[in-house]
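Notes to accompany the following structure.
The values are calculated or read from the model by the stated rules, or taken from the named source; none is laboratory data. If you're wondering where the values come from, they're calculated on a predicted model, not measured in any experiment. Positions of Cβ are backbone-derived with ideal geometry, glycine not excepted, and every protein chain shown enters the neighbour counts. Accessible surface is based on the protein model in full, side chains and every heavy atom, while ligands, DNA and RNA are left aside. Shrake-Rupley method; radii C 1.70, N 1.55, O 1.52, S 1.80 Å.
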Amino acid sequence: MLQEGAHGKWTVSSSDESPEENSDSEKPSTSSVLDAAHDTSVPQYPCSEARKAAQKRKTSPLKFSDKRFSAEAPPAGKQRTSQEGSGWCLSSSDEEPEDQEKHAHKETVKEEKTDAPKHPLKLCKDDELSENQKAEEYYEAPSETQDTWDLLNGGNPFRFFLTKVRGIHQSYNSGALHIKDILSPLFGTLVSSAQFNYCIDVAWLVRQYPQEFRKKPLLIVHGEKRESKAELLAQARPYENISFCQAKLDIAFGTHHTKMMLLLYEEGLRVVIHTSNLIADDWHQKTQGIWLSPLYPRLPQGTSGSAGESETNFKSDLISYLMAYNSPTLKEWIDLIQEHDLSETRVYLLGSTPGRYQGSDKEKWGHLRLRKLLKEHALSIPAQESWPVVGQFSSIGSMGADGSKWLCSEFQESLVAAGRSVMSLKCDVPVHLVYPTVNNVRQSLEGYPAGGSLPYSIQTAQKQLWLHSYFHKWSAEVSGRSHAMPHIKTYMRSSPDFQKIAWFLVTSANLSKAAWGALEKNGTQLMIRSYELGVLFLPSAFGLDKGCFHVKGKMLSESDNPATYFPVPFDLPPEQYGSKDQPWIWNIPYTDAPDTHGNMWVPS
Ligand code: JTA
């Protein structure tokens with residue numbers, strides 16, 4: 001829980017902060033500007049600004065030993081940390097953080113369930129990595145290309161992957177993918193591609209494509225406006241093959257969070273729905289999710305419109321999602337999708353697109369779409385009516401003064417909507433929310449800078465202390481990623497013993513009304529600000545009539561059928577915050593304890 005007054009001068013001035021939202025669901029939804037003024041659920045911090053701040057911290061990190069700051073550090077109410085007196089090898093060198101990482105990466109990190117990370121803060125020996133090696137060049141080609149092939153075509157019925165993480169034991173990266181893997185010729189001979197995303201480093205993105213594909217047409221679908229749009233377009237000036245589609249964002253405070261690749265090959269088409277921005281840091285030491293479609297073959301010429309549909313209606317839903325952009329450029333991609341056979345798809349598409357939806361349109365997007373899918377396709381098993389829901393995310397919007405405003409009402413109702421009986425409707429279902437603590441971030445591979453991608457603001461946090469009682473730590477021994485902070489977002493329904501799950505969703509959608517939508521006009525209208533995209537895994541689509549997936553633990557005996565074990569990427573059951581734990585808040589200082597690089601966090 002936030003300690004009141006603990007943040008002193010970091011508490012916001014009223015001029016800084018928008019008025020309390022409380023009216024979102026009650027007031028008529030006519031304007032966007034007025035709505036926006038009453039909602040602080042979305043961090044308004046353009047990606048380019050966040051990246052500049054990150055760059056600045058990289059070039060001049062604030063060392064923990066810096067006397068200017070230790071003198072100013074608050075004397076009381078100091079966080080006790082597991083690191084105190086642990087004898088970590090804190091060097092006082094002026095080495096760049098990037099260089100420190102290089103050293104650390106040479107050492108294998110042993111993941112153990114203790115408070116302090118076991119990786120060295122800094123190795124005391126020098127080594128011989130080249131001077132200009134950057135984080136983005138850390139990609140290591142798979143030792144055996146056959147591994148990649150197997151990964152893609154066998155042994156992974158869910159086609160759900162995590163991104164590779166530098167600095168963890170290689171065994172945990174064996175089923176993981178770097179963006180260069182995804183774009184490799186092993187996946188297909190690229191003809192053209194579209195990249196939907198939020199934050200994009202164009203030059204870096206181009207370098208992720210194999211040399212032979214770098215001049216192929218690339219469409220970037222983004223939501224940038226004005227100066228940041230000009231910056232994005234300027235980044236692409238050297239590349240004649242790059243074109244842009246600006247997603248319309250007519251409702252204030254909306255963002256284009258969707259992260260998707262459309263990859264057109266000589267051999268067919270592939271869709272990749274994931275959670276990583278197109279910047280080096282997002283593919284380096286974070287936990288990120290990826291769903292890879294099968295290779296979709298081209299349909300025979302002149303096949304009818306409904307051909308190539310899957311049992312999950314994925315083709316039609318993907319086309320509907322793309323139609324929502326109302327863009328001529330995307331219409332060309334819609335036509336291409338139309339010409340392919342997506343019938344092998346086992347997942348359901350779940351998107352959000354900005355708008356105010358009424359009538360049957362209300363169930364097209366956001367949490368009402370999830371509600372509809374669960375009602376239609378998740379088995380209604382009486383014993384599952386009390387199963388907890390688990391939400392895991394990397395940012396948090398404004399949820400109102402208490403749980404009744406959105407979280408435990410409309411949102412929860414959607415997450416528990418598998419044909420519930422009237423009787424069970426009032427029976428309260430546990431809600432477990434997983435979001436990193438300050439210590440999670442401090443002890444992470446990236447250290448405090450990982451918090452630059454966890455933009456929960458003090459302004460929002462201090463208005464909803466009630467929410468923090470639902471919080472659980474980030475822990476991921478299961479995937480070896482306890483120190484790789486989550487940028488993945490997942491939602492699931494699990495059995496009380498957390499051994500089984502009724503469904504699993506990986507998405508770009510954080511815990512916010514902007515992403516999931518909020519009911520207005522007495523529940524007759526769903527208002528969504530942002531573009532989001534995810535895929536829903538339902539047991540029925542994987543031939544599991546038993547009605548649930550088993551949760552895959554650290555061990556899986558070879559005799560077990562992998563198709564019944566879902567690879568949940570973090571530890572279940574989630575562990576509640578302890579009394580000293582605080583949720584990571586990105587715009588307040590942390591100067592009481594150094595991070596894994598010996599640095600502090602002092603946001604400007
Ligand atoms: C830092 C962000 C995303 C996403 C969106 C972010 C912000 C700050 C990271 C991020 N917004 N922000 O969709 O992936 O303040 O908006 O990673």
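Of the strands (runs of 3 or more DSSP E) contained entirely in region 509-603, not one carries at least 3 residues that are open to solvent by 40 Å² or more (accessible area, probe 1.4 Å). When region 173-215 is filtered for residues that are within 16 Å of the ligand (Cβ to nearest atom), surrounded by fewer than 22 Cβ atoms within 10 Å (Cβ to Cβ) and among the hydroxyl-bearing types (Ser, Thr, Tyr), nothing remains.
Taking the criterion of being open to solvent by 10 Å² or more (accessible area, probe 1.4 Å), within 16 Å of the ligand (Cβ to nearest atom) and either in a helix (DSSP H, G or I) or farther than 25 Å from SER404 by Cα (or both), the residues of region 444-473 that qualify are GLU446, PRO449, GLY452, SER453, GLN459.
Enumerate the pairs (first residue in region 222-240 and within 16 Å of LEU278 (Cβ to Cβ); second residue anywhere and open to solvent by 70 Å² or more (accessible area, probe 1.4 Å) and among the charged types (D, E, K, R)) with beta-carbon separation below 8 Å, excluding pairs fewer than 6 apart on the same chain, so at least 6 apart or on different chains. Correct list of pairs: GLU224/GLU231.
Within region 475-491, one or more residues are open to solvent by 10 Å² or more (accessible area, probe 1.4 Å), closer than 25 Å to ALA176 by Cα and of a type in the set (A, V, I, L, M, F, W, C). Per the conditions (1) over 17 Å from the mean Cα position of the chain (by Cα); (2) modelled with pLDDT of 90 or more, the sole criterion not satisfied by LEU556 is (2). Filtering region 429-443 to residues that are hydroxyl-bearing (Ser, Thr, Tyr) and away from the ligand (no atom under 16 Å from the Cβ) leaves only THR437. Within region 475-502, the set of residues being within 16 Å of the ligand (Cβ to nearest atom) and assigned to a loop (DSSP other than H, G, I, E, B) comprises ALA484, HIS487, ILE488. Consider region 369-394. How many of its residues are assigned to a loop (DSSP other than H, G, I, E, B) and of a type in the set (Val, Ile, Thr)? Adding up the residues that qualify gives 1. Here VAL416 meets each of (1) more than 16 Å from the chain's Cα centre (by Cα); (2) more than 23 Å from HIS367 (Cβ to Cβ); (3) open to solvent by less than 20 Å² (accessible area, probe 1.4 Å); (4) among the β-branched types (Val, Ile, Thr) with one exception, condition (2). The number of residues in region 306-353 that are of a type in the set (Ser, Thr, Tyr) and surrounded by fewer than 16 Cβ atoms within 10 Å (Cβ to Cβ) comes to 2.
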